Amino acid sequence: MLKDAPLARLPGWDQALAAAREAGEGRAFRWGRFDCCLAACDLIRAMCGRDPAQGLRGYATRTEAEAIIAQAGGFEAMIAGLARRWGCEEIQPGFAARGDAVLLGSHGEMQLPGGLALGVVDLCGRKVLLPGRRGWHRAPIGAALRAWAIPIGEAR
């Protein structure tokens, strides 16, 4: 996978994250639209102005999502590869802060393929946003297994 120019949060990223979070309230979980990977990437796109899911979009079913995940070597490998591609440094989960991406075990109402989910730390800094059956599910940040910092500032 080729490495793209690093992601960087734009000025006003926190307001953009809040607006994107609000736009997701009430949305129903839907593969290829509002699933854990694309919803997290939508939040990151709002903060950075660039889509980290570029090249992944276009699937519409769980079966199609699972095929993409299998081709990448599993969900964790796919997310780690995307993070490398976009220049996001892996950090200890305990250091994940507002707006950072985290990988967590399926939590609460959502049981996802492979038992993993991708989310983004909410503005409170203690919860991770991931899609629920309707709107956002908020998982405790302590459920994070891996985390990647989304840099603040100008991209190089």
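All of the numbers you see were taken from the coordinates with simple rules; none came from a lab. All figures in this text were calculated on a predicted structure; none of them were measured in a lab. Please note: Cβ atoms are built from the backbone with ideal geometry, for glycine as well, and neighbour counts cover all protein chains shown.
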Within segment 55-77, which residues are touching a helix residue (DSSP H, G or I) at 6+ places or on another chain (Cβ under 6 Å), in contact (Cβ under 8 Å) with a residue 12 or more places away in the chain and either more than 18 Å from Phe34 (Cα to Cα) or among the aromatic types (Phe, Trp, Tyr) (or both)? Tyr59, Phe75
Going by the conditions given, is Arg57 of a type in the set (Lys, Arg), crowded, with 20+ Cβ neighbours inside 10 Å and more than 13 Å from the chain's Cα centre (by Cα)? no
Give all pairs with beta carbons closer than 9 Å in which a residue from segment 114-142 that is free of Cβ contacts under 8 Å to residues at least 40 places away in the same chain and more than 17 Å from Ala16 (Cα to Cα) meets a residue that is in a loop (DSSP other than H, G, I, E, B) and among the polar types (S, T, N, Q); count only pairs at least 6 apart in sequence or on separate chains. Gly115/Ser106
